[in-house]
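Below is one structure, written out as structure tokens, with a few remarks after it.
The values are calculated or read from the model by the stated rules, or taken from the named source; none is laboratory data. No experiment lies behind these values; they were computed from the predicted model shown. Quick reminder, even Gly has a Cβ in these numbers, built from the backbone with ideal geometry, and neighbours come from all protein chains shown. Each accessible area value is taken on the protein alone, full model and side chains, heavy atoms only, with ligands, DNA and RNA left out. Shrake-Rupley method; radii C 1.70, N 1.55, O 1.52, S 1.80 Å.
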Amino acid sequence: MELVDRMLEGDERALARLITLVERDTPEAPEIMRRICHRTGRAYWIGVTGPPGRGKSTLVDKLTAVARGRGQTVGIIAVDPTSPFSGGAVLGDRIRMQQHYLDSDVFIRSMATRGSLGGLPRTARRVAKLLDAFGKDILILETVGVGQTELDIIESADTTVVVLYPGGGDSIQTMKAGLMEIADIFVVNKADRPGADQVVAEIESMLSLNSKDSHWQVTVLTAEALNNVGIEELYGEIGKHREALESSGNLARQRREQLRKELVRSIEQGVSESLARLMASDEKLMALSDRVVKGEVDPYSTAIDILRDRTLLRDWLARLEKEG
Ligand SMILES: Nc1nc2c(ncn2[C@@H]2O[C@H](COP(=O)(O)OP(=O)(O)OP(=O)(O)O)[C@@H](O)[C@H]2O)c(=O)[nH]1
Ligand SMILES: [Mg+2]
């Protein structure tokens, strides 16, 4: 595949084309991923998440400037759950990250959640791998931490930064949204507003109750992304977390676990797509489904019966194989 070779040689337009192919889950996507596999694993992935409007994009913009100042190249994937099409996301992020749009060592891609049918974590991870293979040193994944989809994306990150702000009841929101468990570093942004210290104290008191990794003490920092305050410190803290992960062997372990999950999820995806096709075309299954719908049999025990019936499963596999 010529496009992959061109991308690996540093052709940014080839990269953009490949991202589009992978994002859309085209038939070429598996071959692309197979070809770049041996070129991934070099980039360090930073996840930035938190409730809407906390200043994540502004923070990402400023973190990118710090990374660039250290000579590192950066790839940014911003996932925007509110935008109905990626054009909206691009526009918003373009304003916040405009200084980097002219920098050829920064690659920014916005992805919209809506309309992606829950496939976003998969495609975001694949896009990140393309940027990794392309040679970006640092990858930043920005998502709004509101739902499982977003949490699944962040699962791919090596270091996860959770961004909060004062005055929004954020410590409670953090617990509810499942952000407490995934944060390696907390940042209370917009510390120019009153109440930041209180959020810091609340998060710290919750942290003393659970510890994710015995080699890392989760920290709570403050920042004013808008005024470029606390950004160097945050970048330094991310570096410390990286060192802790590397020296304990947890980075490799964490990445192995992510790959294993990715394999399982990819198989699940294939199985469920095949099943959806069968449900819409196989007479036996359609008849059973009819009986369930009419209330003659219950869905749970019927499913168990189906799974136990090896001849049925063999028939279906043969059929799927014939259909390709
Ligand atoms: N006062 C203050 N405002 C800030 C700070 N950082 C960001 N903002 C503002 O907060 C608003 C939201 O910033 P974004 O960076 O878009 O926040 P976000 O978390 O990426 O938002 P979503 O992606 O929509 O969830 C913007 O108007 C920023 O200018 C800060 O440190 N202090
Ligand atoms: Mg944003």
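Observations on the structure shown:
- Measuring between their Cα centroids, the range 245-274 and the range 141-167 lie 18 Å from each other.
- Per residue, the average separation of C-alpha pairs within less than 8 Å and at least 6 apart gives the chain a relative contact order of 17 percent.
- Loop-located trypsin sites (Lys or Arg not before Pro) in the range 202-290 (DSSP state not H, G, I, E or B) with no more than 16 neighbouring Cβ atoms inside 10 Å: Lys212.
- The eigenvalues of the Cα gyration tensor, multiplied by 5 and square-rooted, give the range 208-324 an equivalent ellipsoid with semi-axes of 51, 18, 16 Å from largest to smallest.
- Counting only lysines at least 8 places from Lys322 when in the same chain, those with an alpha carbon closer than 25 Å to its own are Lys284.
- A 1.4 Å probe run over the chain, with the rest of the protein chains in place, finds 51 Å² accessible per residue.
- Here r is the Cβ-Cβ distance between Thr26 and Glu323 and R0 is 22 Å; the resulting FRET efficiency, rounded to 0.05, is 0.70.
- Straight Cα distances below 27 angstrom link Lys136 to the lysines Lys56, Lys62, Lys240, Lys261, with same-chain residues fewer than 8 positions distant left out.
- Prolate/oblate/rounded label for the range 148-227 (Cα gyration tensor, a/c 1.5): prolate
- Peptides 29-37, 149-157 ordered by average Cβ neighbours within 10 Å, highest first: 149-157, 29-37
- In the frame of its principal axes, the chain has Cα extents of 64, 49, 40 Å, reported largest first.
- Signed unit charges on C-beta, dipole axis of the range 221-307, positive-most listed residue Thr302, Ala225, Val292: Thr302
- Protein accessible area in the chain, 1.4 Å probe - carbon and sulfur %: 54 percent
- Shape of the range 11-86, Cα gyration tensor, a/c cut at 1.5: oblate
- Debye-sum result for the range 222-262 in log10 I(q)/I(0), which assumes one identical scatterer on each alpha carbon, at q = 0.25, 0.26, 0.33 Å⁻¹: -0.76, -0.79, -0.98
- If the chain linking Glu9 and Ser274 were pulled fully straight, counting 0.36 nm for each residue of separation and taking away their Cα-Cα distance, it would gain 91.7 nm.
- Per-pair calculated FRET efficiency, R0 = 22 Å: Leu226 and Gln173 via Cβ, rounded to 0.05: 0.55
- Taking a point 7 Å out from the Cα of Asp105 in the direction of its Cβ, the residues of the range 125-145 whose backbone N falls within less than 13 Å of it are 136-138.
- Rounded, prolate or oblate (a/c below 1.5 giving rounded, otherwise prolate when a/b exceeds b/c) for the range 242-300 by Cα gyration tensor: prolate
- Tilt relative to the chain, helix 283-293 - C-alpha long axis, 0 to 90 degrees, to 10: 70 degrees
- Simple spin-label estimate for Lys261 and Leu313 gives 2.7 nm between the two label positions (7 Å along the Cα-to-Cβ direction from each Cα).
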